[in-house]
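Bear in mind that the values in this text are calculations on the coordinates, not laboratory data. Remember, it's a predicted structure, so these values are computed and weren't measured experimentally. Positions of Cβ are generated from backbone atoms using ideal geometry, with glycine treated the same way; all protein chains shown enter the neighbour counts.
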């Protein structure tokens, strides 16, 4: 059942990106997308139900103790030998949008989805941040642009698509969509 929640968080992140693009009503001339998923797994060495702590051992053999707050449901289901799995997905889309003006930031959060009652603890969340920024400078030789976003903050961005790079010039308005999804779950012992 929690696999559905994980899938829903990933789908929600993608749907948010599509919905945001559809709401703007502007044609996207070019786009560049990059993404990455980081997975961290640690074995649960021991569980102290009374103190609500778990002792974790990561792949490098480092041991740490984690306090588990009362907001974590199903804590009684956690046992020594289980694994704690954290998956953090990040995707960035840069779209060249002619005719937009100004700098703005919009953040949309997908409500957290928890594991069902009686199962192992887990949660899936997603956040989408859309920033409209102005292109301050373009370095064609290095395939980078410097963006000025809300609050006068500057961000250098590497552009991988040469076709997109040819279209960008100083003064253009660019939309950057950053999607971040996190899944944290306790799973049974590793299968051999």
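Residues of segment 113-142 falling in the label zone of residue 104, defined by backbone nitrogen less than 19 Å from a point 7 Å along Cα to beta-carbon, are 128-135. Between residue 50 and residue 90, what FRET efficiency comes out of the Förster formula 1/(1 + (r/R0)^6) with R0 = 30 Å and r the beta carbon distance, rounded to 0.05? The pair residue 90/residue 50 has a calculated efficiency of 0.20.
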